[in-house]
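See structure below.
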Amino acid sequence: MRLGWDDASRNAAVLAKRAEDIGVKAITVHGRTRQQFYKGAADWQAVRAARDAVDIPVIVNGDVTDFASAREALIQSGASAIMIGRGVYGRPWLASWLNDALISGTPDAQPAPQHRLDVILEHFQSSLEFYGSSLGLRMFKKHLGWYLEAGDYNADPAIRRQDKARICRLDIAADIELELKRLMSA
């Protein structure tokens, strides 16, 4: 759930209590109202009101994209766990990495470039196998864009955007794989 419909009707604590009363075992609260959609910063402190209203685990969501934001979301909300949404686009390893980092208390290095490339290529091949070559290629391109945006293979965002546009226009799977290997090994 979200904090409420808008700032005038923040009712997450009331709804969380009602959910608990009918047997819900855990609840996720996104730190924005519906009216905010995804604009502005998530208000993790406001999630605390829902957490304080119930005895079931509360999971905080919203703007969790890295170790610092995950730790801060947990501290401010008092939640039992975090849920990551859009933060994993282009970084499917993020949840596992954050789990390990939060347990250890230190943000170890992100996965090595070769590991990230292996994940991307495995995802690509799985898409081709599951959907077939034509549809699999089209289905993967949205993920390809996210992978390229999230990548750190080039510090210049303008160059990354150009690479993304160029690679996403390719229509042959082998060409995409070759370009990914070239970019990620540079």
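Whether any residue in region 21-41 is free of Cβ contacts under 8 Å to residues at least 60 places away in the same chain, part of a helix (DSSP H, G or I) and touching an Asp or Glu at 6+ places or on another chain (Cβ under 9 Å) is what I want to check.
No - not one qualifying residue is present in region 21-41.
When you scan region 107-115, do you find a residue that is loosely packed, with under 15 Cβ neighbours inside 10 Å, hydrophobic (A, V, I, L, M, F, W, C) and either farther than 15 Å from Cys168 by Cα or touching a Ser or Thr at 6+ places or on another chain (Cβ under 7 Å) (or both), even just one?
yes
Within region 95-147, track down each residue that is touching a residue at least 24 places away in the same chain (Cβ under 8 Å), out of contact with any helix residue (DSSP H, G or I) (no Cβ under 7 Å at 6 or more places or on another chain) and of a type in the set (A, V, I, L, M).
The one that is touching a residue at least 24 places away in the same chain (Cβ under 8 Å), out of contact with any helix residue (DSSP H, G or I) (no Cβ under 7 Å at 6 or more places or on another chain) and of a type in the set (A, V, I, L, M): Val119.
Scan region 136-145 and give yes if some residue there is touching a Gly at 6+ places or on another chain (Cβ under 6 Å) and outside the structural domain of Asp63 (by the TED database), otherwise no. I'd like the intermediate steps shown before the answer.
Let us first name the residues in region 136-145 that are touching a Gly at 6+ places or on another chain (Cβ under 6 Å), namely none.
There is no residue in region 136-145 that is touching a Gly at 6+ places or on another chain (Cβ under 6 Å) and outside the structural domain of Asp63 (by the TED database).
The rows are residues; the columns are (1) hydrophobic (A, V, I, L, M, F, W, C); (2) surrounded by 20 or more Cβ atoms within 10 Å (Cβ to Cβ); (3) within 27 Å of Gln110 (Cβ to Cβ).
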{"position": "Val47", "(1), (2), (3)": "yes, yes, yes"}
{"position": "Asp66", "(1), (2), (3)": "no, no, yes"}
{"position": "Ala70", "(1), (2), (3)": "yes, yes, yes"}
{"position": "Gly78", "(1), (2), (3)": "no, no, no"}
{"position": "Ala81", "(1), (2), (3)": "yes, no, yes"}
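The values are calculated or read from the model by the stated rules, or taken from the named source; none is laboratory data. Everything numeric here is computed off the predicted structure, so don't read it as measured data. Note that each Cβ is placed from the backbone with ideal geometry, even for glycine, and that neighbours are counted across all protein chains shown.
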